[in-house]
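One structure is given below, encoded as structure tokens.
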Amino acid sequence: MEVVIAAPDVLARLAAEAIEQLLRGRPDTVLGLATGSSPLAVYDELVRRHLEDGLSFAEASAYNLDEYVGLPADHPQRYRNVIEHDFTGRVDFAPGAVHGPDGLAEDLPAACVAYEAEMAAAGGVDLQIMGIGTDGHIAFNEPGSSLASRTRIKTLTDQTRADNARFFDGDVKQVPQHCLTQGLGTVMEARHIVLVATGRAKADAVHQLVEGPVSAMWPATILQHHPHVSVLIDNAAASRLQLADYFRSTYAAKPDWQGL
Ligand code: GLP
């Protein structure tokens, strides 16, 4: 696990650079995408590189981490629409190249199985970009999630619904209770995971992720078992890390040729 503590714009450039390297080497890269505010600066940087430097996503595909259950197809907070608005609709993904769990399926368990099969058939995710919830959830794997879980239906915690109410006119009652989410076991199969977290509200979750014991109580801690994770955080999100000085000096001494 590499921890980089830097200003948000530097973090966004680092993540975008890792994605650009992949795409330049192999245009049919499979990206894992996430909603939430954390990846937005990364998406903006990728859009800038698309518009100014010709970075193309035309042969790439993408798989979203999660989706609310039951939001109408045209609802602005349906995650497929959010991803399209925030990122994929602003670059040149081919029609049908961006996928997500189907929160409107009649048979939700079957839709979850189908989504796993679709990802596997695509060869799996090369790079997964993600954020972290204040309760340590990744994707929508809330505390108590099986560390080996696969894509499935989950019930959101009150804390997550309250955190996300800002996207629903501040009204927690409008936030769906259920979601479909890639499981922790699913997420762990991505070949490189880039987690972005900024702000004081994430400091506890980041401390647990990096320095806590691996536990279903803080689902993100499963990433300690992954061989290639980049944790990109600002000073506020790093404020509870015991090893912050070590991470800062390690990054300062990092050879220029070494990417994430
Ligand atoms: C949501 C998403 C997660 C995201 C989390 C944090 O619950 N399902 O994928 O990591 O929120 O969101 P934000 O980055 O806005 O703090």
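The values are calculated or read from the model by the stated rules, or taken from the named source; none is laboratory data. From a predicted model like this one, the values you see are computed outputs, not experimental measurements. Note: ideal-geometry Cβ built from the backbone for every residue, glycine included; neighbour counts use all protein chains shown. Surface areas here come from the heavy atoms of the whole protein model, side chains and all, with no ligands, DNA or RNA. Shrake-Rupley method; radii C 1.70, N 1.55, O 1.52, S 1.80 Å.
For this structure, a couple of remarks:
- In this simple spin-label model, placing a label point 7 Å from the Cα along the Cα-to-Cβ direction at both GLU17 and ALA236 gives a separation of 2.4 nm.
- Net charge in the neighbourhood of GLY212 (other residues with Cβ under 15 Å of its Cβ; Lys, Arg +1, Asp, Glu -1) is -1.
- Oblate is the label for the stretch 156-205, because a/c, from the alpha-carbon gyration tensor with a ≥ b ≥ c as root eigenvalues, is 1.5 or above and a/b does not exceed b/c.
- Overall form of the stretch 219-260 per C-alpha gyration tensor (a/c, 1.5; a/b vs b/c): oblate
- When only the Cβ of Lys, Arg, Asp and Glu is charged (+1, +1, -1, -1), the dipole of the stretch 43-159 relative to its Cα centre reaches about 140 debye.
- Computed magnitude of the charge dipole of the stretch 172-260 (debye, nearest 20; Cβ of K, R +1, Cβ of D, E -1): 200 debye
- Ligands, DNA and RNA left out, the 1.4 Å accessible surface of the chain is 53% carbon and sulfur atoms.
- The stretch 210-260 and the stretch 184-205 have Cα centres spaced 10 Å apart.
- Charge-dipole axis of the chain as Lys and Arg at +1 and Asp and Glu at -1 on Cβ define it, positive-most pick from PRO213, PRO176, VAL42: PRO213
- Dividing the summed -39500 (n - 2.57) terms of all DSSP H runs of n ≥ 4 by the residue count of the chain sets its mean residue ellipticity at 222 nm at -9500 deg cm²/dmol.
- Farthest positive-ward along the chain dipole, Cα basis, beta-carbon charges - from PRO255, GLN128, GLY32: PRO255
- Projected label points at ALA73 and GLU59, each 7 Å from Cα along the beta carbon direction, are separated by 3.2 nanometres.
- Subtracting the Cα-Cα distance of THR155 and ASP44 from 0.36 nm times their residue separation leaves 36.9 nm of extension gain.
- Extension gain, VAL113 to ASP28: 0.36 nm times the residue separation minus the Cα-Cα distance gives 28.2 nm.
- Surface per residue (accessible, 1.4 Å probe) for the chain, Å²: 43 Å²
- The stretch 112-260 shape via C-alpha gyration tensor axes, a/c threshold 1.5: oblate
- Potential extension, ALA121-GLU52 segment - 0.36 nm per residue separation minus Cα distance: 21.6 nm
- Sparse-neighbour loop sites [chymotrypsin sites (Phe, Trp or Tyr not before Pro); the stretch 174-257; at most 15 other C-beta within 10 Å; DSSP]: TRP257
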